[in-house]
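Accompanying notes for the structure given below.
Only the coordinates and a few stated rules stand behind these numbers; no lab work does. What you see is a predicted model, and the numbers here were worked out from it, not measured in a lab. Virtual Cβ from ideal backbone geometry, glycine too; neighbours counted across all protein chains shown.
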Amino acid sequence: MVGSSFGRVSAAIVCAALGLALTAAPAAAQTGEVKGKVIGADGKPIEGARVTIVPKSGSGQKFETTSRRGGEFSQNRVPHGLYVVTATKDALTQTYEIEVKGNLEVELKLGSTEPTGKDDAARREKLQAAFAEGAKLSNAGRHDEAIAKFQEVINEVPRCGECYANIGSIYLMKGDTAAAEEHYKKAIEANPDTIDAYNGLANLYNTQKRYKEAQLMIAEAAKRSTSAGGPGGNAGAVYNQAAIMWNSPDADPAEVQALLAKVIAADPNHAEAQFLMGNVLVKLGASTGDMAMFAQAATAFENYLKLAPNGPNAAKAKESFEQLKTFRK
């Protein structure tokens, strides 16, 4: 996870400041309207800024809207509660916490307290360089130095979820599971949409045989992912969900099969999904007496061997294929 996470720089890392002023109007309803205006440091309205409103608890409906001409935005029927509001425009992004008790008016002012122009560009470049250096140091096994670099970014951008997630992964590599869990949770607290933190916790809980917690985390990761694979997450996230579910003592093979079918439909070249599908189909065939399952399992193992002839499961896949290929007509 660390390798892939280090390969990209979160938008939070290149943020400039957004000043936030809140005034609440009392209302008796159980939902309220969050509205306001996005403006620049010069007081002029900002059109096309994306505003997201996410429950702080991590569960519940997520709202997203865009500022219109004049910088105005609005979102109605927001249930009462605590929310994390994130406003983004180009390379500028910042996150705040608000409480909705009724109707809430918000003013988002970009660049009001931070350097602008050349100074701001230099700051972003410095933060990007620090993040990239952290990745390089971690990949070289210089873990403590890598942590220091990511912490350097956090000192400037406290809500850098990717920084905390990467620190969590470093601690996991060092064998400090308590510190890893702590930093993954900090990542989610800083930015509830930090997918790598959910994946990290899922993998950690899976190794600790905390299967139900692992399933919850991987489901959160899949829910938040918007990449390939359609609704519910990208192929990699859904595969992780299936793999962790499969490890659970009370796993339902049919549910795992359904998840793997989504992965393979989204990414037919996902070798590990093919291998796991073969194992799932074998178990389904044995439990149901459906010989067709064994034939499908043989095909899945064969697909794995075509995709990863020297993969970590090649020997097992070859042995299973040889045993099952006679079930194919």
Practice problem: Apply 1/(1 + (r/R0)^6) to the Cβ-Cβ distance of N310 and N139, taking R0 = 22 Å, and write down the FRET efficiency to the nearest 0.05. | Solution: 0.45
Self-check item: Across K126/K186; K89/K174; K212/K306, pairs whose alpha-carbon gap is larger than 27 Å
Solution: K89/K174; K212/K306
Quiz prompt | Per-residue HN-Hα couplings for segment 124-139 [Karplus 6.51, -1.76, 1.60; θ = phi - 60°; Hz; x = Gly/Pro] | solution = 4, 4, 5, 5, 4, 5, 5, 5, 4, 5, x, 4, 5, 5, 5, 5
Quiz item: Between Q61 and S74, what length in nm is gained on full extension when 0.36 nm per residue of separation is reduced by their alpha carbon distance?
Solution: 3.1 nm
Exercise. Obtain the nm distance between the two label points defined at A148 and K35 by a simple spin-label model: each point lies 7 Å from its Cα along the Cα-to-C-beta direction.
Key: 5.2
Quiz item: Using a simple spin-label model with points 7 Å from Cα along the Cα→Cβ vector, what separation in nm is obtained for F327 and A132?
Solution: 5.1
Self-check item: V106 long-range amide H proximity, modeled H, under 5 Å
Solution: K35, G36, K37
Quiz item: R0 = 45 Å: FRET efficiency of R210 with N155, Cβ-based, nearest 0.05?
Solution: 0.90
Quiz item: In nanometres, what is the gap between the two model label sites at K318 and T288, each 7 Å from Cα along Cα-to-Cβ?
Solution: 3.1
Self-check item: Note, ³J(HN,Hα) from phi for segment 288-302, Karplus 6.51, -1.76, 1.60, rounded to Hz, x at Gly and Pro
Solution: 9, x, 7, 5, 5, 4, 5, 5, 5, 5, 4, 5, 5, 5, 5
